[in-house]
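Quick notes on the structure that follows.
The values are calculated or read from the model by the stated rules, or taken from the named source; none is laboratory data. Please read these numbers as outputs of a predicted model, since none were measured by experiment. Here the Cβ positions follow ideal geometry from the backbone for every residue, glycine too, while neighbour counts run over all protein chains shown.
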Amino acid sequence: MKRSIYIETTIPSYATSKRSTDTKKADRQNATLIFWENERHKYDLYLSAYVIDECRKGDPDAISRRIQFLKGVRLVPINDGIAELADIYMKLLDIPPKSVVDSRHLAISVLSHMDILLTWNFTHMGSIAEAKLRRYNEKRGLWTPYLLTPENLLEGRLT
């Protein structure tokens, strides 16, 4: 049985943006593309309307590239419980109101029992956030996905 991955917005953003001259960003772009081209078939991939909404912002050419990149990825339905849990995660993880969608990505991944939330967002979805999320969820009997980058998967984390 394949593991499930929720694709967060930074994944199509890194994969489809113009090649960066910044070494760290270029490495992330490369890892994302390598994962997408060579490894994604090993997983069941999902996204939500939140990802689509975020991908539809900005330059029209960039929007087109991001939306095209996500073609064929299954859509997870949004339900009422997501907003409620997202509000709790905002407080727990000190996520500011301008980044509310980050808490929604977390909530939908939890409530949909995704094995992995794939992201480059270390601000709100890094290892510290994952540890807090795991402790909170374990106390309440909630599922917790691994918060990983494409690089983590390429390095064999979870194999």
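List of remarks:
- Of the criteria (1) more than 14 Å from the chain's Cα centre (by Cα); (2) at pLDDT 95 or above, which one LEU158 fails: (2)
- Within the range 97-136, the set of residues being of a type in the set (Asp, Glu) and more than 18 Å from PRO12 (Cα to Cα) comprises ASP115, GLU130.
- Checked against (1) free of Cβ contacts under 8 Å to residues at least 24 places away in the same chain; (2) surrounded by 19 or more Cβ atoms within 10 Å (Cβ to Cβ); (3) among the hydroxyl-bearing types (Ser, Thr, Tyr), SER64 meets all criteria but (2).
- For the range 124-159, a tally of residues being more than 21 Å from PHE35 (Cβ to Cβ), charged (D, E, K, R), without any contact (Cβ under 8 Å) to a residue 24 or more places away in the chain and loosely packed, with under 15 Cβ neighbours inside 10 Å returns 4.
- Given (1) assigned to a loop (DSSP other than H, G, I, E, B); (2) touching a Lys or Arg at 6+ places or on another chain (Cβ under 8 Å); (3) not basic (Lys, Arg), index of the condition TRP143 fails: (2)
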